[in-house]
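Colleague: Before I ask anything, here is the structure I am working with.
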Amino acid sequence: MSFGGELRALREAAGLSLSQLGERVHFSKGHMSKVESGQKPASAELARLCDAELGANGRLVRLFLAGAASAAPAQAEPEPDHGQTWLLGMSPHGEGFFLPSWGSDRPGPDLTQGMAFGVGRSAPVTEELLDAFAARFAALRRLGQIASPATVLPMVIAETQVLRGLAGSADPEERAGIWKLASRYAEYAGWMTQESGDNAMTARWTQWAVQMAEQAGDEDLRWYALVRRADIALHEDDARSTIEFAVQAQSDPSTPARIRGLAAQREAQGHALAGDETECLRALDRSARLLEMAAAEDPDGPLLGTTHTAELDQVILGWCLYELGQPCRAAEILDDCVHRFSDGSRRARIKFAVRAALAYAVAGELDRAVELTIGLLDHARTVDSATIRHDLRGLTKALRRKGNHHGAQELQPLLTGALHAPVHLPEDVQR
């Protein structure tokens, strides 16, 4: 059955008119009528809200996702790293970029400015030097909370390449520690690339990170790479792939509890996208147990995954409740958690504050949605996050439906400015 036909059948079985259901989910009668008749496609938001309101146990969400999946393009696998040199440069307009060096059979782009990073013969790598790079990595992660990927990535990429060169020229007994730290730099470059909106390059950076970790005899990144892939799928609204990658990341009980706990959270978010509340809550419970176990572990090197999100279990619960069509509960939980983020956790705080504002808007609490949004837009532009813009677009649509609300009207041009995409270099230069 079509989405519209199933929606009509469920609505009539519940004894609700189009007006009554539209009022409960904050969509107009005319919009609901067009969705039921097939004149207008349903949105993910409408599918979630109607599914929860009509007690469909995910049936409407699954119908929506099946239609969306049939139109989705296939995802390419990341290309392997064959040890190429990377170029880091800057255009005449100030945009930074990096790219692998081109082979002799393919002419490279005409770069007006550029630098090639390479490390030749080096002095012995001391523990003091590695500690200094580890401290710089921690500082770069802190910088990533308050600055845009365009600011952070050139530094992360350059230092990754330096460590790569040091590992290649170091004595055998020194190499493992250098490769492991280089892999953490590369994985963070993948996260920053995801925040810049380039998921294909994120996949490549993550694969390079795995290869570097393997040089150190470190298997952890191979499993965490699946968590990253689940996160990419999540922000592409691909519930099935999110769940599959997250479940795979939990398949080996010898994998550190922290990685399995973060994977269980992605699994929960995938089930929420699919409208399956039972499996979502089950995965959240498993995540809580695993992350509690991880708190007692003594990590070797920088932690993988978020280190700046306060009350991680609660904000993920709030995130999931929104996807499960329960925006009121989601908004309350997220709004309460946002106040407890530290000043240095700006990117993480804005991410969940935007989702709280979105939840309030969908729940019809427009005054609070507008208040929250006004307080974070300047910071949202500063951190320039593709994952945050994902929810800002949803917020823009939700507020646009409330055209008679004065605050929502005044906020629209500010939202448009925050959603203005950064200038990208041509594709052949980016890659």
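Colleague: Sort through THR242, THR278 and tell me the only one that's of a type in the set (Ser, Thr, Tyr) and over 18 Å from the mean Cα position of the chain (by Cα).
Modeller: Answer to the selection: THR278.
Colleague: Which of (1) under 30 Å from SER43 (Cβ atoms); (2) crowded, with 23+ Cβ neighbours inside 10 Å; (3) without any contact (Cβ under 8 Å) to a residue 60 or more places away in the chain is the odd one out, the single condition ILE178 does not satisfy?
Modeller: Here ILE178 meets the rest and fails (1).
Colleague: Consider THR255 carefully, then state whether it is closer than 30 Å to LEU60 by Cβ and among the polar types (S, T, N, Q).
Modeller: It is false that THR255 is closer than 30 Å to LEU60 by Cβ and among the polar types (S, T, N, Q).
Colleague: Within the stretch 218-267, how many residues turn out to be farther than 20 Å from TRP205 by Cα and in contact with a Pro (Cβ under 9 Å, 6 or more places away or on another chain)?
Modeller: Summing the residues that are farther than 20 Å from TRP205 by Cα and in contact with a Pro (Cβ under 9 Å, 6 or more places away or on another chain) in the stretch 218-267 gives 3.
Colleague: Got at least one residue in the stretch 287-305 being of a type in the set (A, V, I, L, M, F, W, C), crowded, with 18+ Cβ neighbours inside 10 Å, closer than 18 Å to ARG329 by Cα and touching a residue at least 60 places away in the same chain (Cβ under 8 Å)?
Modeller: No, because not a single residue in the stretch 287-305 is of a type in the set (A, V, I, L, M, F, W, C), crowded, with 18+ Cβ neighbours inside 10 Å, closer than 18 Å to ARG329 by Cα and touching a residue at least 60 places away in the same chain (Cβ under 8 Å).
Colleague: State yes or no: is ALA233 crowded, with 23+ Cβ neighbours inside 10 Å, closer than 30 Å to ALA66 by Cβ, of a type in the set (Gly, Ala, Ser) and not assigned by TED's automatic domain parsing to the domain that holds SER43?
Modeller: Against the criterion (crowded, with 23+ Cβ neighbours inside 10 Å, closer than 30 Å to ALA66 by Cβ, of a type in the set (Gly, Ala, Ser) and not assigned by TED's automatic domain parsing to the domain that holds SER43), ALA233 qualifies.
Colleague: Now, a different point. For the stretch 337-388, enumerate the residues that are assigned to a helix (DSSP H, G or I) and touching a residue at least 60 places away in the same chain (Cβ under 8 Å).
Modeller: Result: ARG346, ARG347, ALA348, VAL362, THR382, VAL383, ALA386, THR387.
Colleague: Cβ contacts < 6 Å: first residue in a helix (DSSP H, G or I), restricted to the stretch 241-265; second residue among the aromatic types (Phe, Trp, Tyr), any location; separation 6+ or different chain. Result?
Modeller: Listed pairs, sorted by first residue: ALA249/TRP223; ILE259/TRP223; ILE259/TYR224.
Colleague: Condition check: in contact (Cβ under 8 Å) with a residue 12 or more places away in the chain and assigned to a helix (DSSP H, G or I). Does GLY190 satisfy that?
Modeller: Yes: the conditions hold for GLY190.
Colleague: Mind checking which residues of the stretch 23-45 are more than 30 Å from the chain's Cα centre (by Cα) and hydroxyl-bearing (Ser, Thr, Tyr)?
Modeller: Those that are more than 30 Å from the chain's Cα centre (by Cα) and hydroxyl-bearing (Ser, Thr, Tyr): SER28, SER33, SER37.
The values are calculated or read from the model by the stated rules, or taken from the named source; none is laboratory data. Remember, it's a predicted structure, so these values are computed and weren't measured experimentally. Quick reminder, even Gly has a Cβ in these numbers, built from the backbone with ideal geometry, and neighbours come from all protein chains shown.
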